[in-house]
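No value in this document is a laboratory result; all are computed from the given coordinates. Bear in mind the structure is a predicted one, so any value in this text is a computation, not a measurement. With ideal geometry, Cβ positions are generated from the backbone for all residues, glycine too; neighbour counts draw on all protein chains shown.
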Amino acid sequence: MNFMEKRICNNTGLELSVLGTGCWTFGGGTYWGKQDQKDVNEVVHASVDLGINYFDAAEAYNEGRSESSLGEAIRKIHRDKAIIGSKVSPSNCHKETLIRHCEESLKRLQTDYIDVYMLHWPIHPHSIRHFTNRINIIENPPEIDETLEALRILKKQGKIRYFGVSNFSSNRLKNLPENEIVVNELPYNLLCRAIEYDTLPQCLEKGIGVIGYMALFQGILSGKYASVEEIPVMQRRTRHFDSSINTECRHGESGAEKEFLSALEGIRAICKSSGLSMAEVAIQWIIQNPAITCTLAGARNVAQLEANAKAVDLRLSQEMNDELDIVTQRLKNKLGNHFDYYESAENDRTI
C-alpha cells in the first residue's frame, strides 16, 4: 500500500482517510462478543501505520466500553495522528445532559477533545425509545435548537472540534443550519443503497461530508456466508430478511430475501470473474463514489484490518462498477428510500 487517500469535508478543512476504523466491537459486548484489548491496541496502532486517521465510536457502543477501549489504545500514540469521532444518543440531547455526556465520553476516551461529535439518530420519541424507557424523556424530547446550542458551547470550550449528525435523512437535514454540520454518518454498501435516492445528493450539495458505515454489512459482504441460514441471527434483523422467519427482526415486514440473494449471487459471480475477494470489491465500490468522504470497516485483529486496507489500492473498472450497480438495483428498488434498515418503512427513524 503506497498511501492512504484523504478526503476533505467541504464545510471545513477536516481531512478523513477514505477508510476509517469502526470501533463498535471495541470493549466487547453482547452483540459482538468478547474483544481482547491487546488486539484493539494492535488494530489502532496498525491503522495509524497504514495511514488511517479516523476512528469511530459512540457512547452507546457496548455501554461506553468502546470509547474506553479506544481511549486506552489511542493514549499510546500521538494524539494528532487520530481523528476521533463519537456520538451522543438522542435520549441525552437536552442541553445540560448533552454537555455532561460529552464530558463523560472525554473521560472514557482519555482525551481533552473529540474531533467530531455527532447526534447518533434524529431526535424524536420513536428514536429516543430505542435508547431509554424513561417516559418523561420520550414524551418531552429536546428541540434541535437546544441540542445545537449545547454543541456550540462544547465547541467554544474546545471540548469538541466539530459537530455532525448520524442517520439524518434529507428531510431532517433541511431543518439544520448551513455550514455547521461537518458530517452525516450513514449506512452504505452494495446491499444498502437507499441514501443514493436523495440524502447523499443533498449532503454533497450542502458540503456535508459523508461517513459510510456497514461497508461489509456486518460480515455479510465478506463472502463467508453461502446461505441465509449461515448468517448469524443478529445479523439477520434488517429489512432484507423476512421477519416471520427471523424472530430477532422487529420491522414486521416480509423482507426482500429473493432480491437480496440474487444481488449476493451476482456480486459473488463478478468477484469470481475478477479474481478479487468480495470484501475488496465491496470496499472499493464504496470508495470509488466521490460523494463518500470515508467508509468504516471494523476489524477484530490486524489481519482483518490489513485485508480491509488492501482494498484501498485497488481500482474497479467502470464496466465492473456498472455490473455491480445492475445486480444490486432490484434490491435497492425493493427496499426503497428508507435507510433505517432495522425498522419498517412506516416506522423509519431517519425521516
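Values for this structure:
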{"item": "For L204, net neighbour charge (Lys/Arg +1, Asp/Glu -1) across residues whose Cβ lies under 13 Å away", "result": "-1"}
{"item": "√(5λ) per eigenvalue of the Cα gyration tensor, region 85-188, largest first, Å", "result": "20, 17, 13"}
{"item": "Gain in span if fully extended, K107 to R250, counting 0.36 nm per residue against the direct Cα distance", "result": "48.1 nm"}
{"item": "Rounded to whole Hz, the Karplus (6.51, -1.76, 1.60) HN-Hα couplings of region 336-341, x for glycine and proline", "result": "x, 7, 9, 9, 8, 6"}
{"item": "Point-charge dipole on Cβ atoms (K/R +1, D/E -1) for region 27-129, about Cα centre, debye to 20", "result": "180"}
{"item": "Amide H within-cut-off set for A299, under 5 Å, with H built and near neighbours excluded", "result": "G22"}
{"item": "Karplus-derived HN-Hα couplings along region 181-195 (A = 6.51, B = -1.76, C = 1.60, θ = phi - 60°), whole Hz, x at Gly and Pro", "result": "7, 7, 9, 10, 8, 9, x, 7, 6, 4, 9, 9, 10, 4, 5"}
{"item": "Candidate lysines for bridging to K87, where Cα separation is under 16 Å - those fewer than 8 sequence places away on the same chain excluded", "result": "K95, K107, K155, K159"}
{"item": "FRET E, pair E180, Q235, Förster distance 30 Å, beta-carbon r, rounded to 0.05", "result": "0.30"}
{"item": "Rg/Rh for region 1-90, where both radii come from Cα atoms and Rh is the Kirkwood radius", "result": "0.98"}
{"item": "Cα coordinate range in the chain, projected on the principal axes (Å, largest first)", "result": "54, 45, 40"}
{"item": "Convex hull volume per residue for region 221-351, taking Cα atoms only, in Å³", "result": "126"}
{"item": "Longest exposed-site-free window of the chain, the sites being trypsin sites (Lys or Arg not before Pro) in a DSSP loop that have at most 15 other C-beta atoms within 10 Å", "result": "251-314"}
{"item": "Summed residue charge, Cβ within 12 Å of H251's Cβ, Lys/Arg positive, Asp/Glu negative", "result": "-2"}
{"item": "Length added when fully stretched, E196-E346, from 0.36 nm per residue minus Cα-Cα", "result": "52.1 nm"}
